There are 2 protein chains.
Amino acid sequence: MLLIRNIGHSYWLVTFMSRTDLAEATAALTSPDTTTAGGEKRRPRERILDSATELFRTQGIGAVGVEIIAELANSNKMTLYRHFGSKEELLCVCLRQHADQVADLWRSLERRFPGDPKGQLHAWVEEATAVIFSDSSACLLANAAVEHKDPNHPVHRIVAEAKEKYRAQLADLCRRAGIEQAEELADALSLLFEGARISSQSSGPEGPHQKLKQSCIAMINAFSHR
Amino acid sequence: MLLIRNIGHSYWLVTFMSRTDLAEATAALTSPDTTTAGGEKRRPRERILDSATELFRTQGIGAVGVEIIAELANSNKMTLYRHFGSKEELLCVCLRQHADQVADLWRSLERRFPGDPKGQLHAWVEEATAVIFSDSSACLLANAAVEHKDPNHPVHRIVAEAKEKYRAQLADLCRRAGIEQAEELADALSLLFEGARISSQSSGPEGPHQKLKQSCIAMINAFSHR
């Protein structure tokens, strides 16, 4: 298990993470699960992207240096810089990739409940709840916004666009499920979900995020009877 | 205006913050508003605490070094270390002070709407909304939890205790306002508020946090008719 502390200086991270931890993390990233369908090993660019996403998400962005990303990806700094130019550009690519993966959710809901938008909306609640309980380290997109305070940083545009796209999809689903004030419900559900992600990090295991599912259902019911 | 970028290395922050910015920020912290009622200047310990709270909140914790905190407080590193021992201890004192200030909210609601818990609950919604629109840099407590990933870090205990206290006070208010499922409503309102704080940082100015007030009212109404 990774136990890197946020001590604000990437150099120390390399020494803080023990060789055993690093070997374990590297093994996880290069295990058979991470090979392609044809059984080939993934390419350095993909491995670096995966390591960076995992480390940025679980350890924080400021706390993670390029050395540890390259090492976890079984690569080196030179290769990292050849593919991404800088840590900032690497972060931007991670965020765009993460946003694309989140977009798959809508296709999956449609596939599981074809032509049943109410079923899809309740499945969204289940998915959102599952995310909270499977991943206590919150949203990479939101964390990136929290860590980058300058509103002109390129990270903010990527994060805001991804959040806006998600919100539009959720509003569209609410509309198709027959909710008159679809935007309002989508915003309320977004607030509950974002709040649960932050609460799972700040309020201990028994925090208000435990009530995400019933809060979402109460809100959907409130908007269904208008 | 401060324009420190989170570049993950405190040394650079000092050079990145221009002399004009620093002079402006220092002037703000040593303006007549920050003197005591008797017109005396505040003591170094208080000035350091104020600077640290302001910088941690607006620039992020990892992004801010002790040099810039001391400089903004019109003090020096040696004084900072004499009073607080370390940046981590300084952060812990900031968090405890911040939690105490938040606790004043409940006394203020009682003072403004004595014996009227329903009035107090709606005033809480107004206060929560005002916080979102006055302070886009989110909660120091939640940000500290986001930036410190190690759950055994002392910061997490302070943050979790403060959040738990807040939640208990909000549940008590809901109960006094006649809500049967008081804990559930308090949790739902907490999620909406925390979500709005994070959304104001991640979703751009027109994000779902714009709907915090109406989402809270919809939730209170949903729980009032059970």
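The values are calculated or read from the model by the stated rules, or taken from the named source; none is laboratory data. Bear in mind that the values here come from a model prediction, so they are computed numbers and not experimental data. Using ideal geometry, Cβ is built from the backbone for each residue, glycine included, and neighbour counts are taken over all protein chains shown. Heads up: the accessible areas ignore ligands, DNA and RNA and are worked out on the full protein's heavy atoms, side chains in. Shrake-Rupley method; radii C 1.70, N 1.55, O 1.52, S 1.80 Å.
How much of A:THR79 can a 1.4 Å solvent probe reach, expressed as accessible area in Å² and rounded to 10?
20 Å²
Rounded to two decimals, what ratio of Rg to Rh does the stretch A:98-178 give with C-alpha atoms and a Kirkwood Rh?
Result: Rg/Rh = 1.03.
Taking the simple approach of a point 7 Å from Cα along Cα-to-Cβ for both B:ALA168 and A:GLU126, what is their distance in nm?
Here the answer is 3.7 nm between the modelled labels.
Report the extension gain between B:GLU180 and B:GLU161 in nm, rounded to one decimal, defined as 0.36 nm multiplied by the number of residues separating them, less their alpha carbon distance.
Gain on extension, B:GLU180 to B:GLU161, equals 4.4 nm.
Between B:ARG226 and A:ARG43, what is the label-to-label distance in nm when each label sits 7 Å out along the Cα-to-Cβ direction?
Label-label distance for B:ARG226 and A:ARG43, simple model: 5.3 nm.
Express in whole angstrom the spacing between the alpha-carbon centres of the stretch A:77-132 and the stretch A:144-185.
Measuring centre to centre over Cα atoms gives 13 Å.
Does anything in the stretch B:137-169 have its amide N under 14 Å from the 7 Å Cα→Cβ label point of B:ARG96, and if so which residues?
Zone members listed by number: B:154-159, B:161-162.
In Å, what is the Rg of the alpha-carbon atoms in the stretch A:172-219, and how long is Dmax?
Calculated on Cα positions, Rg and Dmax stand at 12.2, 37 Å.
Taking just the C-alpha trace of the stretch B:129-226, give me its Rg and Dmax in Å.
14.6, 42
Setting aside same-chain residues fewer than 8 positions from B:LYS165, which aspartates and glutamates have a Cα under 19 Å from its Cα?
List returned: A:GLU206, B:ASP100, B:ASP104, B:GLU110, B:GLU127, B:GLU183, B:GLU184, B:ASP187, B:GLU194.
Note down the magnitude of the dipole of the stretch B:92-204 about its Cα centre, charges +1 on Lys and Arg C-beta and -1 on Asp and Glu C-beta and zero elsewhere, to the nearest 20 debye.
The dipole magnitude comes to about 180 debye.
Could you order B:LYS77, B:LYS211 by accessible surface area, starting with the largest, using a probe radius of 1.4 Å?
The most accessible residue leads, giving B:LYS77, B:LYS211.
Take the Cα atoms of the stretch A:75-143, build their convex hull, and give its volume per residue in Å³.
Hull volume normalised by residue count: 118 Å³.
Shape of the stretch B:54-111 from its Cα gyration tensor (a ≥ b ≥ c, root eigenvalues): rounded if a/c is under 1.5, otherwise prolate when a/b > b/c, or oblate?
prolate
Each label point is 7 Å from the Cα along the Cα-to-Cβ direction; what then is the distance between the points at B:PHE133 and A:SER134, in nm?
So the two model labels end up 3.9 nm from each other.
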